[in-house]
Amino acid sequence: MDTVLYAVCAAVGWIALGYMVRLQRRHPSQARRAICFGLGAFAAGITVAIPPVATAIDEVSGLPNLAKVMAHAGALAISANAEIMLLHFALPPATATARARRWIWVTACAFLVMVGLFAYTLTYDEPVLLTVEYATDPVVTAYLLIFLMLGFFAYCFDITRLCWSFAKICGRPWLRRGLRITAVGAAFALLYSTNKIGYLVAYWAGYQPVGERQIAAVLVTIGALLITIGLTMPAWGPTLKITRRWEDYHSYRRLEPLWRDLIAALPELELDPTLRRRRAAVRDTDYALTRRVAEIRDGRLALRPYMDISVTALAAQFAERAGLTAEERQASVEAAHLACALRRHGAGLVAAVPQPADELHRPDGGYAGEVAWLTLVTEVYARSPVVAQTIAATREPATPHPTAGDARR
């Protein structure tokens, strides 16, 4: 059974790698390059783990367990690659680079120790396998514990945490779905590690449990397939036309908190009140989403006289303290400006020093990028502590500024 399952994983890995390499050649990006490297390591590692292939490699090389070490190297490589990629998604660049460098050093040192332990087993009179059946050998136990605790337990725990946390605030639907699927796949990898460690303990305790290879093969297959799907989903997901209508409607609903407050303050912006009815929005989702995006942008422009430049520095300061990524910091500043401007508008107070008009953010990616950006801003606006902190720090002085009408006169 494990031969079939590993072969399926290898085939999926090579297909996914070919697709991502082709996409990388057409539209190069650092994220896709990282995914290509990770998928290549995974596909190569799982291929040499197929039992007939592993046996052939060991026989040709004359080194027992060489295929096992190669497969483990691939597992460590894809885990490290996914971790580093997620760190750059979730953290500020400087912080992400520092943490990624530490992970690389830890992984490299751990793998060197594993190679040393593997080399030591070659001196045995009777060959051993780097599997739980030989776990009573201290060298085999040390090798497996290093691999399991780092390659699966430490990495996959952090990958699960980062994917799930980042998915909550991600504005791109397919990236959000891919992150969640990757998180579930990493959770299955955690189960694989837990299963292996459980068998290690059982063998050390003198028991002879069976079924470890079959359980491990199932867990590896599920985890590997889910991680592969999750990592590649942002690339192929948007090409599925059947899902676009649902995506548009979902985006329409997610924009509601910010849109609702803007329309409450500026009711003249709403050109088609019939879209408030869910059935009308479902009937013509594309039109409903286009209207909502346009009305949010119009509201932003209408609030410009109430946007004080001091809010930028305050919101950026709070966002920096919160350890947000560059995109999250930018969205927090935008959301804080809107929240403070709505507050000023309600009080009839214009900004002392208005924000320059050329600071309006224009996201890349055309209309889809605009929707994703406004969705992220809306989510930050609705629940970010940075926005609440900025509002609290910008209490109006006792002497009000001129109203917007007075300023225009």
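The values are calculated or read from the model by the stated rules, or taken from the named source; none is laboratory data. Note that the structure is predicted; figures quoted are calculated from it, not measured. As a convention, Cβ positions derive from the backbone with ideal geometry for all residues, glycine included, and neighbour counts pool all protein chains shown. For the accessible areas, the whole protein counts, side chains as well, though only heavy atoms, and no ligand, DNA or RNA atoms are used. Shrake-Rupley method; radii C 1.70, N 1.55, O 1.52, S 1.80 Å.
Charged side chains reduced to their Cβ positions (Lys and Arg at +1, Asp and Glu at -1) give the chain a dipole of some 1360 debye around its Cα centre.
Give the calculated FRET efficiency between residue 210 and residue 149 to the nearest 0.05, with a Förster radius of 30 Å applied to their Cβ-Cβ distance. Efficiency computed from Cβ-Cβ geometry: 0.80.
Take residue 327 and residue 104, extend 7 Å from each Cα along the Cα→Cβ direction, and tell me the distance between the two endpoints in nm. Simple spin-label model gives 2.3 nm for this pair. A simple spin-label model places the labels of residue 278 and residue 142 6.2 nm from each other, with each point 7 Å out along Cα-to-Cβ.
Helices in the chain, meaning DSSP H runs of at least 4 residues, each add -39500 (n - 2.57). Divided by all residues, the mean residue ellipticity at 222 nm is -24500 deg cm²/dmol. Whole-Hz Karplus values for region 298-312 come out as 4, x, 4, 5, 5, 8, 3, x, 9, 8, 8, 5, 5, 5, 4 Hz, taken residue by residue from phi with 6.51 cos²θ - 1.76 cosθ + 1.60 and θ = phi - 60°; glycine and proline positions read x.
The mean sequence separation of alpha-carbon pairs under 8 Å and at least six residues apart, normalised by the residue count of the chain, gives a relative contact order of 14 percent. Rounded to the nearest 10 degrees, the angle from helix 173-204 to the longest Cα principal axis of the chain is 30 degrees.
Using the 1.4 Å probe convention, the accessible area of the chain works out to 49 Å² per residue with neighbouring protein chains retained. Modelled spin-label separation between residue 129 and residue 194, with each label point placed 7 Å from Cα along the Cα-to-Cβ direction: 2.6 nm.
Measuring r between the beta carbons of residue 112 and residue 367 and using R0 = 30 Å, the FRET efficiency lands at 0.05. Oblate is the label for region 74-211, because the ratio a/c of its alpha-carbon gyration tensor axes (a ≥ b ≥ c) is 1.5 or higher and a/b is not greater than b/c. Helix 93-121 and the longest principal axis of the Cα set of the chain meet at an angle near 10°.
Could you calculate the contour length gain from residue 31 to residue 120, that is, 0.36 nm times the residue separation minus the distance between their Cα atoms, to one decimal place in nm?
Numbers: separation 89, 0.36 × 89 = 32.04 nm, distance 3.82 nm.
The residue 31-residue 120 span can extend by a further 28.2 nm.
For the chain, with all protein chains in place and a probe radius of 1.4 Å, 65% of the accessible heavy-atom surface sits on carbon or sulfur.
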